[in-house]
Amino acid sequence: MLADNRAIAAAAPRWAAAFAAAGHLHRVRLVDRASEREVEAVLAEAQNLAAATILAAGSGSPLAVGQAVASRLGLPLLPAP
């Protein structure tokens, strides 16, 4: 899951509870700037975690990085602006 500070502050406890209740592991990564370097870092992390879906919450940067990673890995993207 990719998010900006505002989204993390508003929803992180609910995300943790929802994922735990569903039995899913998750990782929240702060994305404050969309760059190729950030895309590459998230891409590597998603591959290492065997991600099945990319979730992106918040402003443009998490959404842009999420879209790039999901596209490159052929995974679904769940955007939450």
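Read the figures in this text as sums done on the coordinates, not as results from a lab. Keep in mind that this is a model prediction, so the values were computed, not measured. For neighbour counting, all protein chains shown are included, and Cβ atoms are generated from backbone atoms with ideal geometry for every residue, glycine included.
Sub-7 Å Cβ pairs linking a first residue in the stretch 2-13 that is among the basic types (K, R) to a second residue that is surrounded by 12 or more Cβ atoms within 10 Å (Cβ to Cβ), at least 6 apart or interchain, are R6/G58, ordered by first then second residue. Taking the chain and the helices (runs of 4 or more DSSP H) fully enclosed by it, no element has 1 or more residues that are basic (K, R) and crowded, with 17+ Cβ neighbours inside 10 Å.
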